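The block underneath contains the structure these notes are about, expressed in structure tokens.
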Number of protein chains: 2
Amino acid sequence: MLDTGLDTAPEPVELLVCVKCRGLRETPEDDRRPGVALYQAVLDGELPEGVTVTPVECLQNCDHGCTVAFRGGPGRWTYVYGRLDETADADLLREGAALYRDAVDGLIPWRARPDHFKKNCVARIPPLDAPLPRLEN
Amino acid sequence: MLDTGLDTAPEPVELLVCVKCRGLRETPEDDRRPGVALYQAVLDGELPEGVTVTPVECLQNCDHGCTVAFRGGPGRWTYVYGRLDETADADLLREGAALYRDAVDGLIPWRARPDHFKKNCVARIPPLDAPLPRLEN
């Protein structure tokens, strides 16, 4: 983890994986869902410290699955990312989870942000204590 | 509010309005942003009891704005909706906020759910204590 200069470790973060996603390819009705495959592929590798993975009942981004979300306590932005590949993107998600964990407000610095995250952010939700934006115009 | 049979009122809910949204129409650079117009249009009407409205610095659904989110305590699903009209949809959002407030888990019953919400849900985030889904297949 980054040395934040704080005595306390960053709050743990959660990677939510939609296990209902059918993904971007045609999948036979009775095959394993791509969302389940992605969830299991993420668990098959070594998870970064402070990261948990939770299967979720539909994140409702069905046209652009597989879809995941990152959240981590009341002080972080929650991020939703789509168009993930159930086999190729497990490493990306574990690495992304570590970057998210190290960002105390959940904002991964742009230059460090994985390219897929830059291009496939579906939505984000502010932390409970987010400062109010200025209402320009 | 619905009679829930509980002595306590439902947890208050929050309608988050992205004030950076440019909306679906061409808007001149120096005009008021559609997101700001939507935020102010919602505030111009009478808010349902237990509903607060918060302006937000970009919900990152920029291609399908105007965009809002509903959240309400640790027990409710958070919902993100896009493609809102900054003038026509203020009533919809106030009514939707009341429906969301009355749904203790944040799931507005399908038959009561406004048509726009059915068709323009961008994503949803589970409550912290959501039951884990069964991993079929």
Filter result for A:ALA37 (assigned to a helix (DSSP H, G or I), over 30 Å from B:LYS119 (Cα atoms), touching an Asp or Glu at 6+ places or on another chain (Cβ under 8 Å) and at pLDDT 90 or above): no
Single residue of segment A:107-134 satisfying the filter (touching a residue at least 40 places away in the same chain (Cβ under 8 Å) and of a type in the set (Gly, Ala, Ser)) that is farthest from B:THR67 (Cα to Cα): A:ALA130
Residue match in segment B:20-31 (condition: at pLDDT 90 or above, open to solvent by 20 Å² or more (accessible area, probe 1.4 Å) and in a loop (DSSP other than H, G, I, E, B)): no
Selection from segment A:34-63 of residues that are of a type in the set (Asp, Glu) and more than 26 Å from B:VAL80 (Cβ to Cβ): A:ASP44, A:GLU46, A:GLU49
Strands (runs of 3 or more DSSP E) wholly inside segment B:54-137 that include at least 2 residues being within 11 Å of chain A (Cβ to nearest Cβ) and open to solvent by 10 Å² or more (accessible area, probe 1.4 Å): B:121-125
Residue within segment B:15-22 that is farther than 21 Å from B:PHE117 by Cβ and either of a type outside the set (A, V, I, L, M) or in contact with a helix residue (DSSP H, G or I) (Cβ under 9 Å, 6 or more places away or on another chain) (or both) present: yes
Unmet requirement for B:LEU43, which otherwise passes all of (1) farther than 24 Å from A:ALA130 by Cα; (2) more than 9 Å from chain A (Cβ to nearest Cβ); (3) open to solvent by 20 Å² or more (accessible area, probe 1.4 Å): (1)
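The values are calculated or read from the model by the stated rules, or taken from the named source; none is laboratory data. Values in this document were obtained by computation on a predicted structure and should not be read as measured data. Cβ coordinates were reconstructed from backbone atoms using ideal geometry, including for glycine residues, and neighbour counts include every protein chain displayed. Note: areas computed on protein heavy atoms with side chains; ligands, DNA, RNA excluded. Shrake-Rupley method; radii C 1.70, N 1.55, O 1.52, S 1.80 Å.
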